[in-house]
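The values are calculated or read from the model by the stated rules, or taken from the named source; none is laboratory data. This is a predicted model, so every value here is computed, not measured. Cβ: placed from backbone, ideal geometry, glycine included. Neighbour counts: every protein chain shown. Note: accessible area is taken over every heavy atom of the protein model, side chains too, but ligands, DNA and RNA are not part of it. Shrake-Rupley method; radii C 1.70, N 1.55, O 1.52, S 1.80 Å.
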Amino acid sequence: PESINASQPHRRASTTFVSMIGRTFYEPCVPPETLTLSYSFVATHWLQSYGGDLPSGLCASDPLHVPEPEVWNAWKSAGESDWNMFVNARYKELDVGGVFIGAVCGIKSDGDHPWSKVGYLVYQAMESRVKRGDGLDSCVLPCWYRTDADIRAGFEQTTKLDNDGDDNGRVWDVEVCEYHETVDPIRERLLRKEITAREYGRLVIDSFRAVSNPTIVNCLSKTMDPDELDTLMEDVYEACIDPIGADPDQYNLDESFWYVLAKKIK
């Protein structure tokens, strides 16, 4: 309470409430019009919708993994639908004048999708070790990376209906939608010669594994023995270390974000 009073003199600790709520952010997490600030950091690229199995890769948003147009379009629709649901949920929570601040994952300026080439290397290692009948097609990282247009479209589709059911027009003011890229700190350490190429490969694959392995294992465990799966994935990740270390410009975990500030205006 003392830190709130010291850093936010216009607020009182007695009227500031911090909560952790165990439910999906694709629906309202608090009662209607009770928030003045809503914040989301690097989360909304994870989808709740499922666009379909991937016969050629792991990462749902990247044509490198999804060369089939009909499959990619199905995932694009899933990404759009989920973003609309997310924005609508934040609209319901915020009071008029309240602000949403978010860091939304986007496509890199060179057209690459963050983490995707590392993910494709993992997929290729899995493909040579996992039988098709063991569920490789349904092993999907259900993420969607968004453009400026995607983000703004989500705020534009939210409308407020008046008592007669008529559209009351624009309800969000997107004040900021600013793009930034962040170099992976592991790659910075390699460039400073603080680690070797193999150490770089190991650290990158360990980071990828920490985020993605629970989803991968959950998908494959439906058809594979858990003990066999653990051994297999250990072998998969080990096989990726040297290729990553040999080409850090291609295989890295650089990130790109849209920093968004939107105000609920009615």
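Only protein atoms count toward the accessible area here, which uses a 1.4 Å probe; on the chain, the carbon and sulfur part of that area reaches 52 percent. Estimated from helices alone, the mean residue ellipticity of the chain at 222 nm is -13000 deg cm²/dmol (sum of -39500 (n - 2.57) over DSSP H runs with n ≥ 4, per residue). Counting only protein heavy atoms and a 1.4 Å probe, the chain has 52 square angstrom of accessible area per residue. Counting every C-alpha pair in the range 96-152, the share spaced more than 19 angstrom apart comes to 50%. Based on C-alpha pairs under 8 angstrom that are at least 6 apart in sequence, the range 125-261 has a relative contact order of 39 percent. Taking 14 Å as the straight-line reach from the Cα of residue 263, the aspartates and glutamates in range (excluding those fewer than 8 positions away in the same chain) are 33, 93, 95, 156, 173, 175. When you count the other C-beta atoms within 10 angstrom of each residue and take the mean per peptide, 29-40, 62-73 line up highest first as 62-73, 29-40. Taking 7 Å steps out from each Cα toward its Cβ at residue 124 and residue 230 produces label points 2.9 nm apart. Solvent-accessible area of residue 23, all protein chains in place: 130 Å² (probe radius 1.4 Å, heavy atoms, ligands and nucleic acids excluded). Less than 5 angstrom separates the built amide H of residue 256 from those of 106, 182, all sequence-distant by 5 or more or on a different chain.
Beyond 28 Å, what share of the Cα-Cα pairs of the range 118-266 remains, rounded to the nearest whole percent? When every Cα pair of the range 118-266 is considered, 44 percent fall beyond 28 Å. Between residue 41 and residue 76, the contour length at 0.36 nm per residue exceeds the Cα-Cα span by 10.5 nm. Using a 4.7 Å Cβ-Cβ cutoff, the cysteines of the chain lacking any partner cysteine are 29, 59, 105, 143, 177, 240.
Note on the chain: antiparallel DSSP beta bridges, both residues inside, total approximately 70 percent of the bridges counted.
Using alpha carbons only, the radius of gyration of the range 66-160 set against its Kirkwood radius gives Rg/Rh = 1.07. Sorting 25, 155 by solvent-accessible area of protein heavy atoms yields 25, 155, largest first, with a 1.4 Å probe.
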